[in-house]
Amino acid sequence: MGKSLPHSTADYWSNNVWDGRLQETINARGDYRKKQRTRTVNYVNGLSCDRDEIAVTELCCGTGRVVEGLISSDGCGDKIRSIDAIDISSEALVIARQKINDSRVRFHNQSVYDFDYQPASADVVICIEALFHLPDLGRTYQTIHEHLKPDGVFIGNFTLREGLDDWLKSGIGLREYYTFLMLYHMRKLARLIPPLWDYLGSSGIARTELYTEEEIREELGEHGFEIEDFDNEYDFWFAARKT
Ligand SMILES: C[S@@+](CC[C@H](N)C(=O)[O-])C[C@H]1O[C@@H](n2cnc3c(N)ncnc32)[C@H](O)[C@@H]1O
């Protein structure tokens, strides 16, 4: 893991703001992604009920879709003391700030590799729909581990290599499925052919790395996380406790 990925700069992400709303309306996988965000919000809600108050950090928050869910959740959502939401894309944060006006929420235009964090200060760190875009996962895990309190929880998800077949075939059809696979495997060669490279970058294939469930579990374990809840229907969603 930790291979270098293209299209990971602030300029790229500011010029290509990703907002999953459209995607969620077009295929079965969209429903699944919605479920994962709900699952994340519910999990944080459950943790809040057990504590007096909690401090949340969200990495790669994009246009603030998870934050929206957290601040409007029923139950123990009012125990959230603060949400620090970080994204490398200034343009995504413009949209997030327009939507969200809550004194507990602070947005930061920073990269996961150099954001200002207090060690051992977060109860929860969330990173949804983004870990597979980060070129240096090990470094990100190390930062998250340092930032979490001793019993803190890290919640994230990955597009799963073995789940890809099912959702691509059922969600977008066979022709697109084989095109995707071919382009995915051609990524490295495509760097030498600028027009193809640009196409791959804008399609998202170039900036996505696919891992198996086994690889993900192993890497989390090596960085001091113990999975306490997961879902692996298509993606691998997990809530992992700092050990
Ligand atoms: C697919 S979007 C997911 C956004 C959001 N988590 C959601 O579920 O709606 C990936 C996000 O990761 C952000 N991102 C990519 N690399 C980053 C980095 N190094 N540091 C911080 N954010 C990054 C992008 O700007 C983008 O908003």
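Can you list which of the chymotrypsin sites (Phe, Trp or Tyr not before Pro) found in region 67-146 are DSSP loop residues with at most 15 other C-beta atoms within 10 Å?
Loop-located and lightly packed - 113.
Which pairs break 23 Å Cα to Cα here: 35/99; 79/149; 79/99; 99/242; 99/149?
Values: 35/99 21 Å; 79/149 17 Å; 79/99 21 Å; 99/242 32 Å; 99/149 29 Å.
Beyond 23 Å: 99/242; 99/149.
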Burial ranking of peptide ranges 47-54, 58-65, 76-83 (average Cβ count within 10 Å, highest at the top) | 58-65, 76-83, 47-54
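Read-outs: derived from the displayed coordinates by stated rules, not from any lab. Owing to the predicted nature of the structure, the values given are computational and were not obtained by experimental measurement. Backbone-built Cβ (ideal geometry, glycine too); neighbour counts: all protein chains shown.
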